[in-house]
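Note sheet for the following structure.
The values are calculated or read from the model by the stated rules, or taken from the named source; none is laboratory data. Predicted model only: the values in this text are computed from it and were never measured. All Cβ positions, even for glycine, are placed from backbone atoms using ideal geometry, and neighbour counts span all protein chains on display.
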């Protein structure tokens, strides 16, 4: 084999994804984020494009916030399948009612050392509740994995209320009973009704 031919093939191999990477769907992921008016939900269109590209929908989050709907989807597949999906999403993003962002991402690192707990909080609505709770978790090295919160009027009195659900990851070395005591003491000081329980699957 001529030396220059070998060098050219070596360069081409570096530019292309390896066959191992191309076959391994779990190593190739695309995160898709969309915000659009509720009446024009693109969930079906996105699900079809993911399937048509030969990709799998591995995770999804859909929520209505105000008059908008927010979608966060994680697709995985081969390198070529994700490239096909990216092309389809670029065409879909031309719809002016969509705010669509997509980008490649990597599989999440193993988090088996984190214990999943659910925290629920109810209180009379006022500014700063979420900030104070998140600050508490941050100070203890605890990650907030999911957060859902809403304001509503109490049916009996009409009072403005606040409710939030946090899914948190507690490092295994933290003493749970002591953490719960500290958290409930914080909530008592803020006049919040709260619970902290392990997530049950």
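Key figures
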{"quantity": "Residue that is surrounded by the most Cβ atoms within 10 Å (Cβ to Cβ), among those in region 142-156 that are modelled with pLDDT under 95 and part of a loop (DSSP other than H, G, I, E, B)", "calculated": "154"}
{"quantity": "Filter pass, residue 129 being out of contact with any helix residue (DSSP H, G or I) (no Cβ under 9 Å at 6 or more places or on another chain) and either assigned by TED's automatic domain parsing to the domain that holds residue 29 or at pLDDT 90 or above (or both)", "calculated": "yes"}
{"quantity": "Verdict on residue 168 being within 18 Å of the chain's Cα centre (by Cα) and either in a loop (DSSP other than H, G, I, E, B) or not assigned by TED's automatic domain parsing to the domain that holds residue 72 (or both)", "calculated": "yes"}
{"quantity": "Residue pairs meeting the criteria (Cβ under 6 Å; at least 6 apart or on separate chains; first free of Cβ contacts under 8 Å to residues at least 24 places away in the same chain, in region 154-183; second part of a strand (DSSP E or B))", "calculated": "154/161; 180/196"}
{"quantity": "Residue satisfying all of: in region 95-109; closer than 22 Å to residue 67 by Cβ and part of a loop (DSSP other than H, G, I, E, B); modelled with the highest pLDDT among these", "calculated": "98"}
{"quantity": "Total residues in region 113-141, condition without any contact (Cβ under 8 Å) to a residue 12 or more places away in the chain, surrounded by 11 or more Cβ atoms within 10 Å (Cβ to Cβ) and farther than 17 Å from residue 194 by Cα", "calculated": "1"}
{"quantity": "Criterion: in contact with a helix residue (DSSP H, G or I) (Cβ under 6 Å, 6 or more places away or on another chain) and outside the structural domain of residue 170 (by TED's automatic domain parsing) - qualifying residue of 83, 75", "calculated": "75"}
